[in-house]
Amino acid sequence: MIGRYTRPELGRLWTEHARMEAWRRVEVAAAEQLPYLLGDEGPTEAELNAIRGATFTVEAVHERERVTEHDVAAFVDVLAASAGEAGRWIHFGLTSSDVLDSALALQLEAAGEVIVDGARSLVDVLVERAREHAGTLTVGRTHGVHAEPTTFGLKLAGFAFEAHRNACRLERAFKQVGVGAISGAVGTYSATSPGYEARVLAHLHLATEDISTQVVPRDRHAELVSTIALAGTGLERLATEIRHLQRTEVRELQEPFRAGQKGSSAMPHKRNPIKSEQISGLARVLRGNAIAALESVALWHERDISHSSVERVILPDSTILLDYLQHRMIVLVKDMQVDVERMRSNLELTHGALYSQRVLLALVERGSTRDDAYRVAQELAQRAWDEGVPLRELLADDERTQGLDLDAIFDPGEYLRHAQEVLARLDLIA
C-alpha cells in the first residue's frame, strides 16, 4: 500500500525486514525442537545458541536470490551462513511453505491485534455520539426522500451495532487464520512428525492446521479478506450517509475542517466531504481484493504458487488499508459537526406532510376504512408539499378531517418516546 494510506504501526508489520524476521522466528523455533525429533543426533545447545544468534539483512537475501531465484532458499542460505557450522540445522526437514505459511500467520496475528482494537474504538465513538444525540430530531429518509422524523442518535446507533458486528467478525477471522503448518513436502511429515510440528507451533503460539497439503488451505485467508471487505463496506455505508448529509441542500452535517485547509484550488468557498469520499472510494479496493482472495483458494493438487504472488499484494494492502480507513472514520465521527438547527428546519421542508401516517391512523381510529383514510391523508399531504400550505391548516379546513386532535397528530414527541428504550441496547456493546 502506498504511504499516503499507511499508518506507521501497520506499515512496520509488512516491511521486507518484518517478513523475513517472521521467517527467522519460524526457523529458530523449528531448530529448537530438533532435539525432540532427533535426540542426541540433533544440534547441541551450543549450536542452537548459534542459530538463535544468526542474522540476515534484506539486501544480502536479495543478492542471494539473484542466484537461487527462490526467496526462502536465499534466506536460508544467508541465515545458515551467519550461524557458521550450526547453520546446517537451519531448515532441517522443512519445506518453504512450512516457513512461509507459519510466518504469514504470525504477521496476520500482529496485524489483527491492531485492527480489532481499532474496530472496537470505532464502536465506542459511535456509541458516544449516538447517546449524545438521543433526542436530536432529524428527518428519516427512504429512497432519499423525506419519510418520518427519527433521531440522529438512533441513526448513529444503527451504525454502531453494524460496527460492532464487524469488530466481532474481524476478531473471529483473524483467529481462524492464525494457524501454521510444519508438515513438510506434500504434508506427509516424511522428514519430521506431527508431534514435532505441534511443539514448534506451540512455541510460536499458533494453532495447528488440521490437514495441510504442504500449504495451509487458502479458504482461511479468503475468509479473512472477505471479512475485511465487509468491514470496509460498513465504513462506506456510514461515509455515504455523511456525504449525503453534507450536501449543500441538506447541510445537517459537516466534516471537520481545520484552519488552513482548502476545499478547492479554484473556489475558496468549498468545504467538501473529502474524508468520507475517500473512505467510499478505498472500500472498493478492499472488495476487489476479496475477489482475488477467493480466486486463490483453488490450488492445484497439494500445492502450487498461484496464490503466493497475489497474497504478497492483497494481504498487506487489505490490512493496512482497513486500519487506515477505521482510524479515518474514528476521527471523522468524533469531530463531525452536527447542525441541530438545520435538522430542525429541514423537518419543515414538506410543510408537515411527513406527519401523514399519523393523520392516516387518526382517521382509522375514528372509524374510516384504511383505504379511505389513506386517500384523504395522501391528497392533503401532497397538497401541503406541492403548494407550500402547512398540512395542519389543510386538515383544519377540510370537512373530512374535522374533529381530529391536531395537537396530538403534530406532536414530535411521539417520535422520541421510545428512543431512550431503544438506545439502551447500546449498553450491550459499549
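Points to keep in mind about this one:
- Residues A202 and V58, FRET efficiency given R0 of 35 Å [Cβ-Cβ distance, rounded to 0.05]: 0.75
- Chain lengthening between D335 and R251 when straightened (0.36 nm per residue, less Cα-Cα): 28.7 nm
- 26 Å Cα-Cα reach of K275 towards lysines, excluding residues that sit fewer than 8 places from it in its own chain: K155, K262, K334
- Springs join every pair of Cα atoms under 10 Å in this Gaussian network model of the chain, and among R287, R303, R400 the largest mean-square fluctuation is at R400.
- As a length-normalised measure over Cα pairs under 8 Å and 6 or more apart, the relative contact order of the chain settles at 18 percent.
- Rounded to whole Å, the principal axis extents of the Cα atoms in the stretch 348-428 read 49, 30, 20, largest first.
- Taking the stretch 331-352 and a reference point 7 angstrom along Cα→Cβ of D386, the backbone N atoms nearer than 16 Å belong to 350-351.
- Sorting D386, D317 by the number of Cβ atoms found within 10 Å of their own Cβ, with the fewest placed first, yields D386, D317.
- Beta bridges by DSSP in the chain, antiparallel share as percent, to the nearest 5: 80
- Inter-label distance, S190 to R425: 5.7 nm, where each label sits 7 Å from its Cα along the C-beta direction.
- Förster-model FRET efficiency, 22 Å R0, D210 and C168, C-beta, rounded to 0.05: 0.40
- Cα-based reach from K175 at 16 Å (exclusive), listing aspartates and glutamates while leaving out same-chain residues under 8 positions away: D101, E109, E113, D117, E209, D210, D219, E223
- Estimated from helices alone, the mean residue ellipticity of the chain at 222 nm is -19500 deg cm²/dmol (sum of -39500 (n - 2.57) over DSSP H runs with n ≥ 4, per residue).
- Mean separation of Cα contacts under 8 Å, 6 or more apart, over the residue count of the stretch 228-301: relative contact order %: 40
- With the simple spin-label model, which puts each label point 7 Å out from Cα in the Cβ direction, the D371 to R88 separation comes to 9.5 nm.
- Cα coordinate range in the chain, projected on the principal axes (Å, largest first): 103, 52, 36
- Contact order normalised by residue count of the stretch 1-92, Cα under 8 Å, 6+ apart, percent: 27
- W300-E16 FRET efficiency (beta carbon distance; Förster radius 25 Å; 0.05 resolution): 0.35
Coordinate-derived values only; no laboratory data. These figures come from a predicted structure and were not determined experimentally. Every residue, glycine among them, receives a Cβ derived from its backbone with ideal geometry; neighbour counts consider all protein chains shown.
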